[in-house]
Amino acid sequence: MRERLPVWFQARCGVEPRTVGAVAIVLVVAVGFAGQQYWSARPQPVTAPAVIAPAPAPVPVSALAPVAASPGGPAPPGGARIVVDVGGKVREPGVRRLPAGSRVEDALAAAGGVRPGTDTTGLNRARVLVDGEQVLVGVPAQPQPPALALPGGGGGPTAGPLSLGSATVEQLDGLPGVGPVLARHIVDFRTARGGFRSVEELRQVNGIGERRFADLRRLVRP
């Protein structure tokens, strides 16, 4: 290649074989580097990262624990209890302590059950019990207490204290200072609470203050 170049070019540029070889090597390296850069800069497919589902929230241990049901339905908070007297034709008559909200059927079971052959036709086994109540099985109804005159002379005497657990709106309306609206409040309170456990609960009825409660407390019973 050198011999084909003009003499004046050979003399001026001083082209030597060593120089030509070095230039060729530089060109090859440059071309290779350019090709490598072009190859690495080309677009490449990217794989989307896998979606990781969030871990489920831990379930509280209290939510997994079974809830023990009382004989008369769900037990009220705080473990409240009532005391009833079960008598008559039962296997084990006596005073029994039961969870609040228990029914007559629960009291009979706590007393060992009804004796065989006892007539329980008039006994409401599904009735909710109240504290201090007496449940008599197979015993004739007790005579009513003597008549108690209402204060104020309105309406005449009434047969003993009125039962808050079974009185109707009309019967409650006959009490002194109790009108139809207040009588309805008493019945609604009884329905929401499952009955009156004591006469003192009458204070919680909307519309009954201390003075009115003092007038009513000896005229009613749970």
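The values are calculated or read from the model by the stated rules, or taken from the named source; none is laboratory data. Bear in mind that the values here come from a model prediction, so they are computed numbers and not experimental data. As a convention, Cβ positions derive from the backbone with ideal geometry for all residues, glycine included, and neighbour counts pool all protein chains shown. We work out accessible area using only protein heavy atoms, side chains counted, and drop any ligands, DNA or RNA first. Shrake-Rupley method; radii C 1.70, N 1.55, O 1.52, S 1.80 Å.
Some values worked out for this structure:
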read-out: ARG197 open to solvent by 30 Å² or more (accessible area, probe 1.4 Å), in contact with an Asp or Glu (Cβ under 6 Å, 6 or more places away or on another chain), on the phi < 0 side of the Ramachandran plot and assigned to a loop (DSSP other than H, G, I, E, B); value: yes
read-out: Count - residues of segment 201-218 that are open to solvent by 80 Å² or more (accessible area, probe 1.4 Å), assigned to a helix (DSSP H, G or I) and without any contact (Cβ under 8 Å) to a residue 24 or more places away in the chain; value: 4
read-out: Candidate set from segment 82-111 (those that are part of a strand (DSSP E or B) and at positive phi); member that is surrounded by the fewest Cβ atoms within 10 Å (Cβ to Cβ); value: GLY94
